[in-house]
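Student: The following block contains the structure, expressed as structure tokens.
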Amino acid sequence: MIKLKAILNEQSNNFKVGKTLRGSQWIFDFIKYEEGRPDKKSEPALKSYKKPGDRWTIGYGHTKGVTPNMTITKQEALKFMYEDLTDAANCVRRMFTRWDAQNLDVLVTQEMFDVLISLVFNSGCEGMLKSDFIQLVKQKNIKKLVKVYYHFERINQDFPD
């Protein structure tokens with residue numbers, strides 16, 4: 001589970017410059033669990049599948065170039081996940097680099113950085129950059145950010161895929 005409530009109690013020395021952070025082991029474990037096979041969490045989907053109204057998916061939530069009846073190995077699933085998470089982390093770092101150029105002093109914790117990577121992984125770079133959620137990060141409104149996230153999580157639990 002994402003531990004955003006812990007962010008409210010973070011010590012000021014835990015906040016860092018976002019453009020220098022990297023994804024933690026937690027984000028890899030979280031994505032493996034959440035984006036694995038629908039019927040067996042933490043295991044990759046080795047054959048492509050599609051939920052109603054969604055895109056073709058394989059591995060650990062990988063969608064780029066996926067076609068019906070596509071198959072991969074577990075190692076390929078891990079490679080796709082690593083590449084997808086690297087792309088997502090790079091998007092988040094670019095965002096912080098742009099904010100630095102605008103003289104915005106936005107510091108984040110490792111947990112916040114990991115949450116942002118997860119958001120990009122699921123909504124894409126442009127989707128995340130345009131989100132209300134990211135505006136709260138930019139405004140340093142941590143309390144509202146946590147409230148919005150938990151409201152979103154509750155809705156997702158009430159209306160699962």
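The values are calculated or read from the model by the stated rules, or taken from the named source; none is laboratory data. Because the structure is predicted, anything quoted here is derived from the model rather than measured. Don't worry about glycine lacking a Cβ; one is built from the backbone with ideal geometry, like all the others, and counts go over all protein chains shown.
Student: Is it fair to say Asp114 is within 26 Å of Thr57 (Cα to Cα), in contact (Cβ under 8 Å) with a residue 60 or more places away in the chain, surrounded by 19 or more Cβ atoms within 10 Å (Cβ to Cβ) and among the acidic types (Asp, Glu)?
Tutor: It is true that Asp114 is within 26 Å of Thr57 (Cα to Cα), in contact (Cβ under 8 Å) with a residue 60 or more places away in the chain, surrounded by 19 or more Cβ atoms within 10 Å (Cβ to Cβ) and among the acidic types (Asp, Glu).
Student: Hey, another quick one. Quick one: what pairs do we get from region 6-24, first residue farther than 16 Å from Val146 by Cα and among the polar types (S, T, N, Q), second assigned to a helix (DSSP H, G or I) and at pLDDT 60 or above, C-beta under 7 Å, 6+ apart or different chains?
Tutor: If the second residue must be assigned to a helix (DSSP H, G or I) and at pLDDT 60 or above, the pairs left are Ser24/Gln110; Ser24/Asp114.
Student: Sort out which residues of region 122-133 are surrounded by 15 or more Cβ atoms within 10 Å (Cβ to Cβ) and modelled with pLDDT of 90 or more, and write them in order of number.
Tutor: Selection gives Gly124, Cys125.
Student: Right, another one. Among the candidates Leu145, Leu107, Leu119, Leu136, single out the residue that is surrounded by 13 or more Cβ atoms within 10 Å (Cβ to Cβ), among the aliphatic types (A, V, I, L, M) and either under 21 Å from Gly36 (Cα atoms) or in contact with a His (Cβ under 9 Å, 6 or more places away or on another chain) (or both).
Tutor: From the options Leu145, Leu107, Leu119, Leu136, the qualifying one is Leu119.
Student: Residue pairs, Cβ under 8 Å, 6 or more apart or interchain, first in region 127-146 and within 20 Å of Phe15 (Cβ to Cβ), second outside any helix (DSSP H, G or I). List them.
Tutor: So the pair list comes out as Val137/Val106; Val137/Val108; Lys138/Leu104; Lys138/Val106; Lys140/Val106.
Student: Condition first: part of a helix (DSSP H, G or I), farther than 20 Å from Glu43 by Cα, hydroxyl-bearing (Ser, Thr, Tyr) and free of Cβ contacts under 8 Å to residues at least 40 places away in the same chain. Can you find one or more residues in region 88-100 that meet it?
Tutor: no
Student: Determine which single condition Glu43 fails, assuming it passes every other condition in (1) of a type in the set (Asp, Glu); (2) at pLDDT 95 or above; (3) outside any loop (DSSP other than H, G, I, E, B).
Tutor: (3)
Student: Then there's this: In region 48-99, how many residues are more than 18 Å from Gly23 (Cα to Cα), of a type in the set (Ser, Thr, Tyr) and in contact with a helix residue (DSSP H, G or I) (Cβ under 6 Å, 6 or more places away or on another chain)?
Tutor: So the answer is 0.
Student: I'd like to check something: does region 66-89 contain any residue that is hydroxyl-bearing (Ser, Thr, Tyr), in contact with a strand residue (DSSP E or B) (Cβ under 6 Å, 6 or more places away or on another chain), at negative phi and surrounded by 15 or more Cβ atoms within 10 Å (Cβ to Cβ)?
Tutor: No - not one qualifying residue is present in region 66-89.
Student: Please work out if Lys51 is over 13 Å from the mean Cα position of the chain (by Cα), part of a helix (DSSP H, G or I) and at pLDDT below 90.
Tutor: When the stated conditions are applied, Lys51 does not pass them.
Student: Oh, and also: Look through Ile58, Ile31 and report the one residue that is crowded, with 19+ Cβ neighbours inside 10 Å and closer than 16 Å to Leu119 by Cα.
Tutor: On inspection, the qualifying residue turns out to be Ile31.
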